[in-house]
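Nothing in this text is a laboratory measurement; each read-out follows from the coordinates by a stated rule. These figures come from a predicted structure and were not determined experimentally. Methodologically, a virtual Cβ is constructed for each residue, glycine included, from the backbone with ideal geometry; neighbour enumeration extends over all protein chains shown.
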């Protein structure tokens with residue numbers, strides 16, 4: 001069959017030999033097995049290095065999470081106990097001045113014991129009065145006009161005490177802030 005110049009030659013593979021439909025045989029390019037093996041080994045090494053780095057990152061993240069859990073695991077119970085301590089504080093504040101009854105003494109003792117145990121586990125009160133307002137530790141409930149005694153941005157009064165658990169805020173202080181209106 002004669003070939004027209006417009007006809008495309010299509011390769012056909014027979015017995016490992018490539019032919020063109022015109023009947024010409026073309027030798028396949030020789031593949032060096034060593035180069036192919038080295039290429040595969042290099043690709044495998046890159047994949048292994050990537051997976052190894054991924055495993056190391058997962059280990060580091062898990063260790064950080066474990067450390068944080070150990071350090072701040074008691075934060076939930078501390079927060080719940082602070083609400084109970086607030087209730088005890090309100091009860092103590094309603095005791096008449098000079099009342100030395102057994103109930104009054106028991107409430108004061110309970111309040112002091114609870115605070116001692118919480119502070120021993122890392123709870124501390126946020127010192128807010130007279131400080132510069134810090135929205136990370138404080139919640140401004142209201143503002144009053146600034147004065148010489150309390151310049152703008154300073155905390156004038158603490159309505160509810162705030163608390164930290166180690167380095168984290170567990171209850172923000174609810175404060176009154178001086179501001180320029």
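Note: relative contact order over segment 124-181, using C-alpha pairs below 8 Å and six or more positions apart, is 45 percent.
Three semi-axes describe the equivalent ellipsoid of segment 74-121; taken as square roots of 5 times the Cα gyration tensor eigenvalues and ordered largest first, they are 23, 11, 6 Å. In this rough spin-label picture, where each label sits 7 Å from Cα along the Cβ direction, the residue 61-residue 105 distance is 5.8 nm.
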